[in-house]
Amino acid sequence: MQNQKWQASPLLKASAALHVGAAASALVWPGSIGFGIASVIANHVVLASAGLWPRSSLLGPNVLRLPHGRDEIALTIDDGPDPEVTPRVLDILAEKNVRATFFCIAAKVKNQPALVWRIVDEGHHIENHSMQHRHYFSMMGMGGIKRELVQAQQVIEDATGRRPQFFRAPAGLRNPFLDPVLHQLDLRLVSWTRRGFDTRIHDAAKITQRLLANAKAGDILLLHDGNAARSKNGQAVILEVLPQLIDRLSQQNLRFVSVEEGMRADC
């Protein structure tokens, strides 16, 4: 990817052309300035809306599914590692012989070296979920976004010995500055096919049903070991969801793979 010049998405190209056209019109026909300003404002609304839609590809490439049509499914787990929840998640994954992809907050990676090593040692992959998981990530400029991703890349590589290949934006929200930074760092944006909303929903049965509804080969599923909602008994809902979810999908003869493995053409 780094050997190729970054290409803006069609929406970004059209937005740039609109800005240039509005400025040129205002210079040549001063009476058109009101229309030009209204057009630019409308364009910014469209760009903001695209950034607030996690599954959108309007701002650049966005992996929503595994691409090769094999009987595979990717389980992705966000916002960890959590010293209480992640070890129990790993116990379940080991019992079920399932590999997952952990999109980790690099500041937490830095503080949990032993837990991070256990994740890697048990065959899972750790990918980039930013350095700090800032709530205003989608409002940051290009410099701020690049610092977040560069720092996270280095921290995760130092902790695991493997440089992340994939990035997931905090809460899935982003802006037009993200895609050129991803290109510079040779990262691919990964969102999801479906999510359980397990940071807000406290009912494990509802979360499981959301993830299983129309589930099929190629899906990328999202759960959370960090910031997880708690069930009535006080434990993170992911711990109740995972065993049922894995068993049901395994009964469909789906094989759990890491995102990296699912993206390979030769697997």
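The values are calculated or read from the model by the stated rules, or taken from the named source; none is laboratory data. Quantities reported herein were computed from a predicted structural model and do not represent experimental measurements. So basically every Cβ, Gly included, is an ideal-geometry build from the backbone, and we count neighbours across all protein chains shown. Just so you know, the surface numbers come from the protein's heavy atoms only, side chains and all, with ligands and any DNA or RNA stripped out. Shrake-Rupley method; radii C 1.70, N 1.55, O 1.52, S 1.80 Å.
Can you pull the percent of Cα pairs in segment 110-267 with separation above 27 Å? Write down the numbers at each step before the final one.
On the way: 3713 of 12403 pairs.
In whole percent, the long-distance tail amounts to 30.
When you have a sec, figure out the Kirkwood radius of segment 27-88 from all distinct Cα pair distances and drop it here in Å to one decimal? Please report the intermediate quantities before stating the final value.
Working: mean 1/r = 0.0609 Å⁻¹.
Value: 16.4 Å, from the Cα pair sum.
Mind checking the per residue accessible area of the chain for me, 1.4 Å probe, whole number of Å²?
On the way: 12730 Å² over 267 residues.
Using a 1.4 Å probe on heavy atoms only, each residue of the chain averages 48 Å².
Pick out the long, greasy-scoring helices in the chain: whole DSSP H runs spanning 20 Å or more along their own axis by Cα, mean Kyte-Doolittle at least 0.5.
Details: long enough: 10-28 (27 Å, 1.34); 33-51 (27 Å, 1.60); 142-160 (27 Å, -0.22).
The answer, listed by residue number, is 10-28, 33-51.
May I ask you to derive the FRET efficiency for Asp158 and Gln4 from their Cβ-Cβ distance with R0 = 22 Å, giving the value to the nearest 0.05?
Numbers: r = 28 Å, r/R0 = 1.26.
So, using R0 = 22 Å, E works out to roughly 0.20.
Please report the carbon-and-sulfur percent of the accessible area for segment 168-257; probe 1.4 Å, protein heavy atoms only, DNA, RNA and ligands left out.
Values: 1700 of 3600 Å².
Carbon and sulfur atoms account for 47 percent of the accessible area of segment 168-257.
Quick check of the Kirkwood formula: for segment 4-151, what is the inverse mean of 1/r over all pairs of different Cα atoms, in Å? Can you show the working numbers first?
Values: mean 1/r = 0.0529 Å⁻¹.
Evaluated over segment 4-151, this radius sits at 18.9 Å.
Place a point 7 Å from the Cα of Ala42 along the Cα-to-Cβ direction; which residues of segment 57-86 have their backbone N under 20 Å from it?
58-59
Give the peptides 109-117, 227-235, 123-131 in descending order of average Cβ contacts within 10 Å, highest first. Don't skip to the end; give the middle numbers.
Numbers: 109-117: 16.6, 227-235: 14.1, 123-131: 22.8.
Highest-to-lowest ranking by the protection proxy: 123-131, 109-117, 227-235.
Between Met142 and Lys206, what length comes free when the chain is fully extended (0.36 nm per residue of separation minus the Cα-Cα distance, one decimal in nm)? Walk me through the numbers on the way to the answer.
Working: separation 64, 0.36 × 64 = 23.04 nm, distance 3.81 nm.
Here the segment from Met142 to Lys206 would lengthen by 19.2 nm.
Label point 7 Å out from Arg55 along Cα-to-Cβ: which residues of segment 212-254 have amide N under 19 Å?
Counting only backbone N, you get 212-224.
Expressed as a whole percent, how much of the Cα-Cα distance distribution for the chain exceeds 33 Å?
Values: 8936 of 35511 pairs.
Percent of Cα pairs beyond 33 Å in the chain: 25.
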